[in-house]
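Participant: One structure follows; several queries about it will come next.
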Amino acid sequence: MTEDYFRKEIEKHIGPIQSITPIEKGFSIEKKFKITTDKGDYLLRVSSIKSLGIKTQEFELMRKLHKIGVRCNTPIIMFSNDSQESVYAVYSFLPGIDAEDNIATMPEELQYKSGIEAGMDLKRINSLCFETTDWKNRKWKKHEYYVSQYFEQNYRFENDKKVLKFIEMYYDTSEAAKDQLQHDDFHLGNIILNNQGYVGVLDFNRYDWGDPLHEFVKLEWFTWPVSEVFARGQIEGYFGKRQIDDKDCLQISVYIAMSILSTIVWTLKFHPHTWIEIEAKMRMILDHFDYFESVRPKWAA
């Protein structure tokens, strides 16, 4: 991280580097660093050269998001270094505190206000469209893969066949006019706050194009259990009202049901050390939905 080429290239844009500190949080295979200069702090993301095309698209996409008012890291410079087989991307740094770890200490009025602002930001993100219309077909193929993987391992959850039947009966295969941009990891763990509330959202590296209602799967898993008030605020900020229509509730519930299978497979394969926590969340979801006899999330009422 101290090679001359790397430092000179970045210092052209942000000035002399004082320090580079690793950022350890998260599951991304990217390496992340906080760069401190006389001008302030910056975010550095380092990826494999194999991902150059994908990271270039992500960088340009975040330029577009910043222009339409999304509160995210501002792209500054991206370059590759073939000898190091790496892609470097420098962004502005969102100052503040981690929402997941700190929101419970805030007054409920501020939690709710932050949720509204986050929901409005998510709506802006989803406002971008792509020419494709194949997300629902791709999503179903992924689901079939996870179902096959689920039955190849030893773990089973109660009433799994009932949940699978619910998905098969109610998965909406109709294509949208265009697929819309999905952050696809929008939850408190990727949100920054300060003492005034919502600052912005991080980590667009899992973005996709498809049904924006899929965004609310992460709200069920990771936001509602931490701050019910924020979750309700996010709904109002996104939909402009506190209650979601029955049709949207059904579609979101199908996506949540699908996530049960994919989460089991993904966690046991890649992060088994988190299984106890994830299984507890999963059981809470299954109990609330009564194995999807009910299709209205608590935060949708």
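Computed from the coordinates by the stated procedures, all read-outs in this text should not be read as laboratory data. Note that the structure is a prediction, hence the values are computed from the model and not measured. Cβ atoms come from the backbone with ideal geometry, glycine included; neighbour counts cover every protein chain shown.
Participant: Could you line up Ile167, Ile29, Ile235 from fewest to most neighbouring Cβ atoms inside 10 Å? Mind showing how you got there, number by number?
Facilitator: Working: Ile167 20, Ile29 9, Ile235 23.
Arranged by neighbour count, lowest to highest, Ile167, Ile29, Ile235 become Ile29, Ile167, Ile235.
Participant: Quick one: dipole size for region 4-92, taken about the Cα centre, charges +1 on Lys/Arg Cβ and -1 on Asp/Glu Cβ, in debye to the nearest 20. Spell out each step's value before the answer.
Facilitator: Numbers: 15 positive and 11 negative charges, 70 e Å.
In total the dipole reaches around 340 debye.
Participant: Would you calculate a helix-derived [θ] at 222 nm for the chain, using -39,500 (n - 2.57) for each DSSP H run of n ≥ 4 and dividing by the full residue count, to the nearest 500?
Facilitator: Working: 9 runs with 131 residues, N = 301.
Counting only the DSSP helices, I get -14000 deg cm²/dmol.
Participant: Further question on the same structure: Can you tell me how much longer the chain between Phe151 and Ser48 gets when fully stretched, taken as 0.36 nm per residue apart minus their C-alpha distance, in nm with one decimal? Mind dumping the intermediate values first?
Facilitator: On the way: separation 103, 0.36 × 103 = 37.08 nm, distance 3.31 nm.
Full extension of this stretch gives 33.8 nm more.
Participant: Work out the charge dipole of region 4-92 with +1 on the Cβ of Lys and Arg and -1 on the Cβ of Asp and Glu about the Cα centre, then indicate which of His66, Ser92, Pro16 is farthest towards its positive end.
Facilitator: Working it through, the farthest residue towards the positive pole turns out to be His66.
Participant: Spin-label point model (7 Å from Cα, Cβ direction): what's the Asp134 to Ser80 distance in nm?
Facilitator: 2.4 nm
Participant: Using a simple charge model, +1 on the beta-carbon of Lys and Arg, -1 on the beta-carbon of Asp and Glu, nothing else, what dipole does region 101-193 show about its Cα centre, in debye to the nearest 20?
Facilitator: On the way: 13 positive and 17 negative charges, 66 e Å.
I would put it at about 320 debye.
Participant: Going through region 14-97, which chymotrypsin sites (Phe, Trp or Tyr not before Pro) have at most 15 other Cβ atoms within 10 Å and a DSSP loop state? Intermediate values should be presented prior to the final figure.
Facilitator: Numbers: sites: Phe27, Phe33, Tyr42, Phe59, Phe79, Tyr88, Tyr91, Phe93; in loops: Phe27, Phe93.
Within region 14-97, the qualifying chymotrypsin sites (Phe, Trp or Tyr not before Pro) (loop, at most 15 other Cβ atoms within 10 Å) are Phe27.
Participant: What is the magnitude of the charge dipole of region 175-301 about its Cα centre, with +1 placed on the Cβ of each Lys and Arg, -1 on the Cβ of each Asp and Glu, and no other charges, expressed in debye to the nearest 20?
Facilitator: For this selection, approximately 240 debye.
Participant: Now for a different question. Here are several values of Rg and Dmax of the Cα atoms in Å: [x] 20.6, 74; [y] 20.2, 64; [z] 20.2, 61. Which one was derived from the coordinates shown?
Facilitator: [z]
Participant: Let me ask something else. Do any of Lys25/Lys247; Lys34/Lys269; Lys12/Lys55; Lys64/Lys281; Lys50/Lys123 go past 27 Å between their Cα atoms, and which? Mind dumping the intermediate values first?
Facilitator: On the way: Lys25/Lys247 36 Å; Lys34/Lys269 30 Å; Lys12/Lys55 21 Å; Lys64/Lys281 35 Å; Lys50/Lys123 31 Å.
Those over the limit are Lys25/Lys247; Lys34/Lys269; Lys64/Lys281; Lys50/Lys123.
Participant: Work out, step by step, the length gained on full extension between His13 and His66: first 0.36 nm times the residue separation, then minus their alpha carbon distance; give nm to one decimal. Each step should come with its number before you reach the end.
Facilitator: Values: separation 53, 0.36 × 53 = 19.08 nm, distance 1.85 nm.
Contour length minus the Cα-Cα distance gives 17.2 nm.
Participant: A further question on this structure: For Tyr198, list long-range residues whose amide hydrogen, built 1.01 Å from N in the peptide plane, is under 5 Å from its own amide hydrogen.
Facilitator: Distant-sequence amide H within range of Tyr198: Ser114.
Participant: Moving to a separate point now. Towards the positive end of the charge dipole of region 97-300, with charges on Cβ (+1 Lys, Arg; -1 Asp, Glu), say which of Val265, Tyr207, Val147 has the farthest Cα.
Facilitator: It is Val147.
Participant: When only C-alpha pairs under 8 Å and at least 6 residues apart count, what is the relative contact order of the chain, in percent? Could the numbers behind the result be given before it?
Facilitator: On the way: 476 pairs, mean separation 52.9, N = 301.
About 18 percent, as a whole number.
Participant: In the chain, which helices (entire DSSP H runs) extend 20 Å or more along their own long axis, judged by Cα positions, while averaging at least -0.5 on the Kyte-Doolittle scale? Spell out each step's value before the answer.
Facilitator: Numbers: long enough: 52-67 (23 Å, -0.65); 108-126 (27 Å, -0.84); 135-152 (26 Å, -2.04); 246-270 (35 Å, 0.90); 275-289 (21 Å, 0.18).
Within the chain the helices that satisfy the rule are 246-270, 275-289.
Participant: Please name which of Ser294, Met284, Ser127 has its Cα lying farthest along the dipole of the chain towards the positive end, using unit charges on Cβ (Lys, Arg +1; Asp, Glu -1) and the Cα centre as origin.
Facilitator: Of Ser294, Met284, Ser127, it is Ser127.
Participant: Using the Karplus equation 6.51 cos²θ - 1.76 cosθ + 1.60 (θ = phi - 60°), what ³J(HN,Hα) coupling, rounded to whole Hz, does each residue of region 33-43 give in order, writing x for Gly and Pro?
Facilitator: Couplings: 9, 9, 9, 10, 9, 4, 7, x, 9, 9, 9 Hz.
Participant: So, one more: Is the shape of region 4-92 rounded, prolate or oblate, going by the alpha carbon gyration tensor and its root eigenvalues a ≥ b ≥ c, with a/c under 1.5 for rounded and a/b larger than b/c for prolate? Provide the component values of the computation, followed by the final result.
Facilitator: Working: a/c = 1.37, a/b = 1.06, b/c = 1.29.
Rounded, since a/c falls under 1.5.
Participant: Also: From Cα pairs below 8 angstrom and at least 6 apart in sequence, can you work out the relative contact order of region 4-92, rounded to a whole percent?
Facilitator: Once normalised by length, the contact order is 25 percent.
Participant: Next up: Loop only by DSSP, 11 or fewer other Cβ within 10 Å of the Cβ. Give me the GluC sites (Glu not before Pro) in region 220-301 that pass, ordered by residue number. Show your work: numbers first, answer last.
Facilitator: Numbers: sites: Glu220, Glu228, Glu236, Glu277, Glu279, Glu293; in loops: Glu293.
Hits after loop and neighbour filter: Glu293.
Participant: Based on other C-beta atoms within 10 Å, arrange Arg63, Arg138 from fewest to most.
Facilitator: Working: Arg63 11, Arg138 14.
The most exposed by this proxy come first: Arg63, Arg138.
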